[in-house]
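Before any comments, here is the structure.
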Amino acid sequence: MAGAVTAAVLAAVVVPEVREELARSFTRQDRPYAELYFIELPSQAGTRLRARVAFTPHGAMPAAEPSAKDRAEGAPRPGPDSFVLKAEAARDGEHLATGWARVRAVDGRAGVVDMTVPGAGDADELRVSVAGRPEYIVGHLDTTG
């Protein structure tokens, strides 16, 4: 019995895959998360609302499919190494219009996309979220004039 235990301990120390798995089991593993921010604040362009957005997945975060409701509203499907962003324009808290964009990004490296929301001419707020994820950002527009 002692020989079997000794052999198992030696295998754990010698075999790189076993050592790596043991190290992972004793090390805190961060949860995947998304970094999302405006490169340029939202602005009006006629009846369209525009914003330049950066997105960086961290921790080998997999892309999520947009919900059935979002797909019915025109959301694209994510492709290889891409994610779907949703931009929602509002005025005084009331939803005006939605725009979609696909952004290509890989773990730790940002993807940048221009978000456009048609029909959002008098919006005062733009909320950008990642399909299937809780992360979002909100940009407020100067409506004074």
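The values are calculated or read from the model by the stated rules, or taken from the named source; none is laboratory data. What you are looking at is a predicted structure, and each value in this text was computed from that prediction instead of being measured. Note that we place each Cβ from the backbone using ideal geometry, even for glycine, and neighbour counts take in every protein chain shown. What goes into the accessible areas is simple: the full protein's heavy atoms, side chains included, and nothing from ligands, DNA or RNA. Shrake-Rupley method; radii C 1.70, N 1.55, O 1.52, S 1.80 Å.
Calculated on C-alpha atoms, the gyration radius of segment 92-140 divided by its Kirkwood radius gives an Rg/Rh of 0.99. In this simple spin-label approximation, residue 140 and residue 19 carry label points 7 Å from Cα along the Cα→Cβ vector, and these lie 5.5 nm apart.
If R0 equals 30 Å, the separation of the Cβ atoms of residue 45 and residue 110 corresponds to a calculated FRET efficiency of about 0.80.
Loop only by DSSP, 16 or fewer other Cβ within 10 Å of the Cβ. Give me the GluC sites (Glu not before Pro) in segment 65-117 that pass, ordered by residue number.
Values: sites: 73, 88, 94; in loops: 73.
Taking segment 65-117 and a limit of 16 other Cβ atoms within 10 Å, the loop GluC sites (Glu not before Pro) found are 73.
Placing a pseudo-label 7 Å from each Cα along the Cα-to-Cβ vector at residue 31 and residue 72 gives an inter-label distance of 2.9 nm. Taking every protein chain into account, the accessible area of segment 64-104 amounts to 54 square angstrom per residue (probe 1.4 Å). Once neighbouring chains are kept in place and the probe is 1.4 Å, which whole percent of the accessible area of segment 20-145 is contributed by carbon and sulfur? Carbon plus sulfur share of accessible area: 47 percent.
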